[in-house]
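The values are calculated or read from the model by the stated rules, or taken from the named source; none is laboratory data. Being a predicted model, the structure only gives us computed values, none of them experimental. Because the Cβ atoms are built from the backbone with ideal geometry, glycine has one as well, and the counts that use them run over all protein chains shown.
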Amino acid sequence: MSYTNNVSTMNTGATPHRKNAARRSRSDSPYQQRTSQRDNPTQLLIKQAVDYLIQQLEAGKSETLTAYLSAMARFHSYSFGNILQIARQRPTATRVAGIRTWNEMGRFVKKGEKGIQILAPMTGFRRRKSGDGETEQEPETKPQPVLIGFRAVYVFDVAQTEGADLPEFEHSITGEVGEHRDRLIDFLAQQNIALEFNEKIAPALGVSYGGKIALLPGQSKAEEFVSLVHETAHELLHKAERRTMTTATVRETEAEAVAFIVGQAIGLEIGRASSDYIQMYAGNTTLLAESLEVIQRTASTILRAIRSEEAIQRNQVVAEVA
């Protein structure tokens, strides 16, 4: 589904998307500043994964991007860096877990299978220094866990295991949005974003005005839902600084990618991601990585909002979040 014209109709109170928006220099990017810290293993893994994605796209292998976005849909409860690692090492992965988790579920890793390396956080407890310079635990208060580093761990896809059948996970019927539409509308209300249906926005399927979304009436339920997710992504992503620091093409593709991830996560068939994604970044690795990160974060926010608590718990049975 194409959304090229979705924000072409803007009211006079909103600043229109501009294709030649001011561009932020690499040195000014907070993402670039983070990736320059060589002692941060998470950011190094992200950079390696994004570099690999760029190489694949420049070689004409656009399916790599689709694999990355599909991984974001399947593993949205994982950290951004680990999602990229899973997609890079095993693009076909659908459910992953560590050996112990698989064993507890009656499944065992097949002989000769290679694990998928991700990073798991290591935590400790905050201590305070006493008057004599020695450290002691906070008195009468619960110790606060703090991140002290990361360690490499290995997970395996369900296809790499054999044994007992898995319990059924929640899967929406392809093309059916179910209660997800109503939950998304409730989420918009909580964010003080108004929703209306307006035939005058045609041929656009949806328009984001900043605080209000207009949808074209008459769409199928699945098409309407994806259009609504697309415009919700604009509302969450493209305000203030980020709107002025990105081009209209980047903003449209980010919104389309969020819609792709969310739609696929609930079982909708919405086609392949854009094969021209890399071209809009003109080789700027930093901007591409930053864009993928906000796409994943926004899609995860929407998915948490539209899924029931029971569904979220079931979805996390084999998730080892890092």
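Taking segment 89-121 as the range and being under 11 Å from VAL153 (Cβ atoms) and either of a type in the set (Asp, Glu) or assigned to a loop (DSSP other than H, G, I, E, B) (or both) as the test, the residues that pass are GLY98, GLY115.
Scanning for something surrounded by fewer than 18 Cβ atoms within 10 Å (Cβ to Cβ), more than 27 Å from VAL153 (Cβ to Cβ), at pLDDT 70 or above and not acidic (Asp, Glu), does segment 268-284 turn up at least one residue? Checked segment 268-284: no residue is surrounded by fewer than 18 Cβ atoms within 10 Å (Cβ to Cβ), more than 27 Å from VAL153 (Cβ to Cβ), at pLDDT 70 or above and not acidic (Asp, Glu). For segment 207-230, how many residues are in contact with a strand residue (DSSP E or B) (Cβ under 8 Å, 6 or more places away or on another chain) and not β-branched (Val, Ile, Thr)? Going through segment 207-230 one residue at a time, the tally reaches 10. Could we say that ALA87 is under 30 Å from GLN219 (Cβ atoms), among the hydrophobic types (A, V, I, L, M, F, W, C), modelled with pLDDT of 55 or more and touching a Phe, Trp or Tyr at 6+ places or on another chain (Cβ under 8 Å) here? Against the criterion (under 30 Å from GLN219 (Cβ atoms), among the hydrophobic types (A, V, I, L, M, F, W, C), modelled with pLDDT of 55 or more and touching a Phe, Trp or Tyr at 6+ places or on another chain (Cβ under 8 Å)), ALA87 does not qualify. Among the residues of segment 219-246, those that are surrounded by fewer than 20 Cβ atoms within 10 Å (Cβ to Cβ) and modelled with pLDDT under 80 comprise LYS239, ALA240, GLU241, ARG242, ARG243, THR244, MET245. The helices (runs of 4 or more DSSP H) found wholly in segment 172-246 and carrying at least 1 residues that are among the acidic types (Asp, Glu) and under 25 Å from ALA73 (Cβ atoms) occupy 180-190, 221-237.
One residue alone among PHE108, PHE150, PHE156 is at pLDDT 90 or above, within 22 Å of the chain's Cα centre (by Cα) and aromatic (Phe, Trp, Tyr), and that residue is PHE156.
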